[in-house]
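Every read-out reported here was derived from the displayed coordinates using simple, explicitly stated rules and does not represent laboratory data. Keep in mind it's a predicted model, so treat the numbers as computed, not measured. Glycine gets a Cβ as well: all are built from the backbone with ideal geometry, and neighbour counts include every protein chain shown.
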Ligand code: SME
């Protein structure tokens, strides 16, 4: 998807994500519908959330093939995004040291922290079957989507 098409797609889905989230206060229900919306509209391979629970990341609502259920702090792309408290874009997962391969079809990935005030509540993890699928446009819009998950 080129940048213009991607921007248009995100601009169309942001209000939908906002409506889904503002109509429901339960965070798991919010994550479930946001994962479904993103996955269906953007055509990714895997779209979902991990939550921080008792010091590790635990699988939350997602769309796509079955995935690893628990990820330690600092491990894989998800654990690294949690540790570094920032969005991580991986153009080629084979080049990322310690990448956790839940699916061999996944070629590139973006992981966006989900904040609750100043704490990391979890991460939004998205995988593509294409190399280099994610860029600053994705970061820009997905950080806005992630910011709504725990919003009042
Ligand atoms: N690849 C991730 C693990 C989660 S699955 O992709 C769904 C990682 O290295 O953090």
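Here are a few things to note about the model shown:
- Ratio of Rg to Rh over the stretch 80-152 (Cα coordinates, Kirkwood Rh, two decimals): 0.98
- Adding -39500 (n - 2.57) for every DSSP H run of four residues or longer, then dividing by how many residues the chain holds, sets the calculated 222 nm ellipticity at -12500 deg cm²/dmol.
- Computed from the C-beta positions of residue 29 and residue 56 and an R0 of 22 Å, the FRET efficiency is 0.45 to the nearest 0.05.
- Each of residue 132 and residue 40 was given a label point 7 Å from its Cα along the Cα-to-Cβ line. The distance between the two points is 3.2 nm.
- Normalised Debye scattering of the chain at q = 0.11, 0.12, 0.15 Å⁻¹ gives log10 I(q)/I(0) of -0.36, -0.43, -0.70, counting only Cα atoms as equal scatterers and leaving out solvent.
- Between residue 8 and residue 95, the contour length at 0.36 nm per residue exceeds the alpha carbon distance by 28.3 nm.
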